[in-house]
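Novice: Take this structure, written in structure tokens, and hold onto it; I'll ask about it next.
The values are calculated or read from the model by the stated rules, or taken from the named source; none is laboratory data. Because the structure is a prediction, the values reported are computed rather than measured. Methodologically, a virtual Cβ is constructed for each residue, glycine included, from the backbone with ideal geometry; neighbour enumeration extends over all protein chains shown. Only protein heavy atoms, including side chains, enter the accessible area calculation; ligands, DNA and RNA are left aside. Shrake-Rupley method; radii C 1.70, N 1.55, O 1.52, S 1.80 Å.
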Amino acid sequence: MLLHLSNLALGPDPEAADLHALVALRIGRPPVAVSLLRKSLDARARPPVWRATLCVEVQGDEVPEAPGVRAWSERDEQRRSGVVPAVRKVWVRRPIIVGGGPAGLFCGLRLAEAGASAILLERGGPVEDRIPAVNAYWRGKALDPENNIVFGEGGAGTFSDGKIYTRRRDGELGWVFHRLVDAGADPEILNESWAHLGTDKVRAILPVLRRTLVSGGVDVRFHTRVDSFIVEDGECVGVRVTRSVAGQDGEERGRSETEEIRGGPVVVATGHSARDTMEALLACGAAAEQRPIAIGARIEHPQAVIDAARYPTGRGDLPAASYRLAFTPPGSSDAAAYTFCMCPGGLVVPAEELHGLVVVNGMSFSTRMARWANSALIVQVPVEAYRPHERWPGDPMAGVAFQRSIEQAAFAIGAGAAPAQRVSDFLAGRGSTDLPQVSYPKGVVATDLAGVLPSAVIVGMREAILHFDSEIPGFGGDAGVLIAPETRTTAPLRFLRGADLQSTTVRGLYPCGEGAGFAGGIISAALDGFRVAEALALVENG
Ligand SMILES: Cc1cc2nc3c(=O)[nH]c(=O)nc-3n(C[C@H](O)[C@H](O)[C@H](O)COP(=O)(O)OP(=O)(O)OC[C@H]3O[C@@H](n4cnc5c(N)ncnc54)[C@H](O)[C@@H]3O)c2cc1C
């Protein structure tokens, strides 16, 4: 029989570990065969140790009584093989997918497996157009509001660290990972618990994914922005778009054309920076509710500070060290402040889509060789905090207005440069007048972040930093810098879906992914795209 065995310590060198012997020790008998499912470095152990999850074959049909051992399940098999059989059917209409981020792309892939030739509409360009547009912005050229770090093929995950892990542990995870490997990702990602791709690898994977979509019958249309949704008799039956058209002889895209595209169902996977599309969804009658958000700043340190804390006896060949920290105040059961999206060996990057805003985020390359380490240091903000931004009671866009007010305040302080403060000054409650060198490519301005972030957020960040400094010595020291604001870690609203994943108020409309409030990262967005595609395949006459 097959067993699932977790948390097996492999020692400091996983290649040298004798898996058979270690498994025999754990289960009290020799295994017939052993295969590695995942491994991860436990940097908290002294010295750091690799731990593994394995598939183990044993004789007999009794599960041995040993810690971390259970019978192999169908879900385990799906996760390992990546095979999830698709429901195939004859599609009456062509589904429309709005958005070419992870949710939209993986929804399109799954629909293709189910025999549907969807139309995928993406407001930005293919990744080959996006890279020069983003580089030009970082060098000082005007921001392109349609083709930037958050809009364009691959969505917000293209210029990222490409961390591809999630807390979700269901069978489709294997499907997503195997599709990434099919598109050129290193098969090692199948075995890494904390796998990351790096922006360079993501950029290489996207054109392959696109070719797979196109050969599966998906019509991928770039530079096509959905402006509104066509709803007839309570059902979404298409979209109105604006296409920007390139001039002749390589002239820049200047002309635009509008068009109605009919089809359905309509999947809206436009991410949480497409605030105009959120308004369009509300205007067509889609119901939504407010959500708590998290606000804060990127905290950046020299990578050496993190390595020294995690690897006290030296880093050697170990990867750039990372951390994941949470601060729960005494007497509370929920973390008030925590780090998120840590990028070892990475850069802090500008992530706004419109002129007049400053938003920061983190990115790294596959080698994670940059001199800095950064993470979002964020504080939970309840919906009550942004009530003053409501246009009417319960206004689902109030959280967006709150985010925008912070992003505008940040822009005003530095005229586009990001406000920044030394961590030591931040803790002492005084503005910074100078800064060490930072990774941020568009310039920073030394300031007091109290002029940018709400006071409750400042207080929460201060408490957390003091607490985290005991875990990572130097975290609160003079070498650290806070660069603000980090406003978009979570969508500030959620579009309401029924059990069939349709909007509760507009039939044929499927809010999907992060912008709809159902994902928080590359893989969870891809999984939501998969789920929505599965739901579409079950709809009669879809
Ligand atoms: C710099 C950065 C680094 C990140 N790092 C990581 C990381 O390492 N790991 C991780 O898990 N997550 C990371 N994230 C978050 C992650 O990228 C998102 O959670 C994920 O991309 C959400 O996927 P999505 O498909 O729901 O939306 P998005 O990725 O936001 O995609 C939405 C797409 O829809 C398009 N669109 C929007 N409006 C319209 C319209 N009206 N018409 C047509 N198209 C439209 C956009 O152009 C975009 O391509 C990072 C984000 C950023 C910005």
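Novice: Compute the FRET efficiency between Ile131 and Trp194 as 1/(1 + (r/R0)^6), taking r as their Cβ-Cβ distance and R0 = 25 Å, and round to the nearest 0.05. Numbers along the way, then the final one.
Specialist: Working: r = 26 Å, r/R0 = 1.05.
With a Förster radius of 25 Å, E is 0.40.
Novice: Now, a different point. Label Ser215 and Asp186 with points 7 Å out from Cα along Cα→Cβ: what is the distance between them in nm?
Specialist: Each label point lies 7 Å from its Cα, and together they span 2.5 nm.
Novice: I'd like the FRET efficiency for Arg391 and Ala415, computed as 1/(1 + (r/R0)^6) with the beta carbon distance as r and R0 of 25 Å, rounded to 0.05. Mind showing how you got there, number by number?
Specialist: On the way: r = 29 Å, r/R0 = 1.16.
Once rounded, the FRET efficiency stands at 0.30.
Novice: Contact order normalised by length for the chain, with contacts defined as Cα pairs under 8 Å and 6 or more residues apart; what percent is it?
Specialist: Details: 1301 pairs, mean separation 94.2, N = 542.
Relative contact order, the chain: 17 percent.
Novice: Another one. How far, in nm, would the chain grow between Val208 and Leu282 when pulled straight, counting 0.36 nm per residue and subtracting the alpha carbon separation? Before the final figure, lay out the partial values.
Specialist: Values: separation 74, 0.36 × 74 = 26.64 nm, distance 3.44 nm.
Net length gain for the segment: 23.2 nm.
Novice: Still on this structure, I have one more. Would you please put 116-122, 433-439 in order of how densely packed they are, using the mean number of other Cβ atoms within 10 angstrom per residue and starting with the highest? Write down the numbers at each step before the final one.
Specialist: Details: 116-122: 24.4, 433-439: 13.7.
Top of the packing list down: 116-122, 433-439.
Novice: Under a crude label model (7 Å from the Cα following the beta-carbon direction), how far is Thr367 from Ala142 in nanometres?
Specialist: Result for the modelled spin labels: 3.7 nm.
Novice: Using a 1.4 angstrom probe, figure out how much accessible area region 292-486 has per residue, in square angstrom, rounded to the nearest whole.
Specialist: Details: 7460 Å² over 195 residues.
So region 292-486 comes to 38 Å² accessible per residue, rounded to a whole number.
Novice: Right, another one. So, with a 1.4 angstrom probe, what is the percent of accessible area on region 2-72 that is carbon and sulfur? It would help to have the intermediate numbers written out before the result.
Specialist: Working: 1980 of 3780 Å².
The computed percentage sits at 52.
Novice: Enumerate the amide H contacts of Ser193 below 5 Å, restricted to partners 5 or more residues apart or on another chain; note that Pro and chain-start residues carry no placed amide H.
Specialist: Lys39, Ser40
Novice: Per residue, how much accessible surface does region 72-201 expose to a 1.4 Å probe? Answer in Å², no decimals. Display every interim value, and only then the final one.
Specialist: Numbers: 4970 Å² over 130 residues.
Per residue, region 72-201 has an accessible area of 38 Å².
Novice: Can you return the lysines within cross-link range of Lys39? Criterion is Cα-Cα under 26 Å, with same-chain partners fewer than 8 residues away left out.
Specialist: Lys163, Lys201
Novice: Once label points are set 7 Å from the Cα along Cα→Cβ at both Glu463 and Glu232, what is their separation, rounded to one decimal in nm?
Specialist: 5.6
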